[in-house]
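Have a look at the structure below, then the notes.
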Amino acid sequence: MRKISERLALAGLAATALGVIVAVFAWLFPVGQQAIPAPTASTDASATTSAATSPDATQGGSPATTRVEYLSALPAHAGAGNLTDLPRELREIDGFEHAIMIKCPSNQSNDKVSKVSYQLFGRFDTFQATVRPHFDSQPDARMHVEVLVGERTRDGGLAWDVGGGQYQATAEQPGSLDAVVEGIQELEIQVQCQLPDGVAILVDAALYE
């Protein structure tokens, strides 16, 4: 009888312990509640990359662009008769798509300078071109090309000033021609040539805002 009593006592203790374990388990993991998995490292990295490469996050919108206006696409305000075509021997060569060509004056007493002007209306900041002289009889002949800028005065007229010049360019060594045209109403290009059979080729003559 004593052994039976001891076995019953042990069984009671085991049942009590099992009940305690079940109660603790039920408290830690209640029915209907699911554990939320923590975000993985790859998920965080993906979110960070998206934010860093977003245009709004990195640039704050689209970058500003500079507007370019080629003189070849603008009508001449005066002196259109001094514009001419690209010399025949250069027409198959790339790089003259946006060039303007101003023929040399006859160098007679009343024709020493060829002029072509364009109205800017104060819309642009700078003018840039590359001067490439072309002469039929003497390829290394010289020419002077100047840019005059006309600023509107109070009385409605124009006050002219030299904005830039190129005096050393040759067919073999073209030269740059630059001028500041901020606030300028009108731009005039003047060409003087050593020989009358030449053409002043202004490559990529353009206005920039």
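For region 68-209, give the magnitude of the charge dipole about the Cα centre (Cβ charges: +1 Lys/Arg, -1 Asp/Glu; no others), in debye to the nearest 20.
On the way: 10 positive and 22 negative charges, 78 e Å.
Using only the charged Cβ atoms, the result is roughly 380 debye.
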Spacing of the two label points (7 Å from each Cα toward its C-beta) at Tyr70 and Asn107, in nm | 3.2 nm
How far is it, in nm, from the label point at Glu97 to the one at Gln173 when both lie 7 Å from their Cα along the line to the Cβ?
-> 3.0 nm
If you add up the charges near Arg91, with Lys and Arg at +1 and Asp and Glu at -1, over every other residue whose beta carbon is less than 13 angstrom from its beta carbon, what do you get?
-> -4
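What trypsin sites (Lys or Arg not before Pro) does region 87-165 have in DSSP loop regions with at most 16 other beta carbons within 10 Å?
Within region 87-165, the qualifying trypsin sites (Lys or Arg not before Pro) (loop, at most 16 other Cβ atoms within 10 Å) are Arg91, Lys112, Arg123, Arg142, Arg154.
Rounded if a/c is under 1.5, else prolate if a/b is larger than b/c, else oblate: which is region 103-152, with a ≥ b ≥ c the root eigenvalues of its Cα gyration tensor? List each step's numbers first, then the result.
Values: a/c = 3.60, a/b = 1.72, b/c = 2.09.
In terms of gyration-tensor shape, oblate.
Any read-out appearing in this document is the output of simple, stated calculations on the displayed coordinates, not a laboratory observation. What you see is a predicted model; the values in this text were computed from it and never measured. Positions of Cβ are generated from backbone atoms using ideal geometry, with glycine treated the same way; all protein chains shown enter the neighbour counts.
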